[in-house]
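As structure tokens, the structure follows; a few thoughts come after it.
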Amino acid sequence: MKRLRFLILTLTVFLTASVLADGIDYIVIENTDASTTQIALTDFKQIKFTDSQMMMLNDSGSTVATFMLKELHRMYFGPTESSDIDQPEWEAVGEVEVYSVSGILVKQGDMDLESLPRGIYIIRQGNKVVKVSRP
């Protein structure tokens, strides 16, 4: 259940932020068997979760892709070929630390930012760090 909550929040945060980011045009899903799938952000409108699956749906509600949650290894956003934006890769499991912009640790364990006040936060997982805004 923690993994599902982490995946939902990760996708929500990154989809919201990355759609507005310049040069980002697809999401990369990597499975535990090292296979990867790239899906253009324009190809899906919604992500739906069940107890065991993540489904990407288009504007009409048709399924674009389905992934088994237990087989997900990591997800990240890919820039266009001409972009040099470096997007962090996020493990589907693992310890996450959330810091305020002043460097104070405000949350540890998962990326559920809903309990935090609106603002800008620094999220760290291992040696990967990203700045996010909680609107």
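The values are calculated or read from the model by the stated rules, or taken from the named source; none is laboratory data. The shown structure was predicted, so the numbers you read here are calculated from the model rather than taken from an experiment. Note that each Cβ is placed from the backbone with ideal geometry, even for glycine, and that neighbours are counted across all protein chains shown. These accessible areas exclude ligands, DNA and RNA; they are computed on the full protein's heavy atoms, side chains included. Shrake-Rupley method; radii C 1.70, N 1.55, O 1.52, S 1.80 Å.
Residue count for the stretch 104-114 satisfying the condition of being open to solvent by 50 Å² or more (accessible area, probe 1.4 Å) and at pLDDT 80 or above: 4.
Yes/no per residue for (1) surrounded by fewer than 14 Cβ atoms within 10 Å (Cβ to Cβ); (2) modelled with pLDDT under 60; (3) not aliphatic (A, V, I, L, M):
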site: Val13; (1), (2), (3): no, yes, no
site: Gln46; (1), (2), (3): yes, no, yes
site: Phe49; (1), (2), (3): no, no, yes
site: Gln53; (1), (2), (3): no, no, yes
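Pairing each residue of the stretch 120-135 that is without any contact (Cβ under 8 Å) to a residue 60 or more places away in the chain with any residue that is among the hydroxyl-bearing types (Ser, Thr, Tyr), provided the two are 6+ apart or on different chains, yields C-beta distances under 6 Å for Ile120/Ser133; Ile122/Tyr99. Among the residues of the stretch 115-135, those identified as open to solvent by 30 Å² or more (accessible area, probe 1.4 Å), within 16 Å of the chain's Cα centre (by Cα) and aliphatic (A, V, I, L, M) are Ile122, Val129. Do you know which residues across the stretch 101-135 are charged (D, E, K, R) and either part of a strand (DSSP E or B) or closer than 22 Å to Met75 by Cα (or both)? The answer is Lys107, Asp110, Asp112, Glu114, Arg124, Lys128, Lys131, Arg134.
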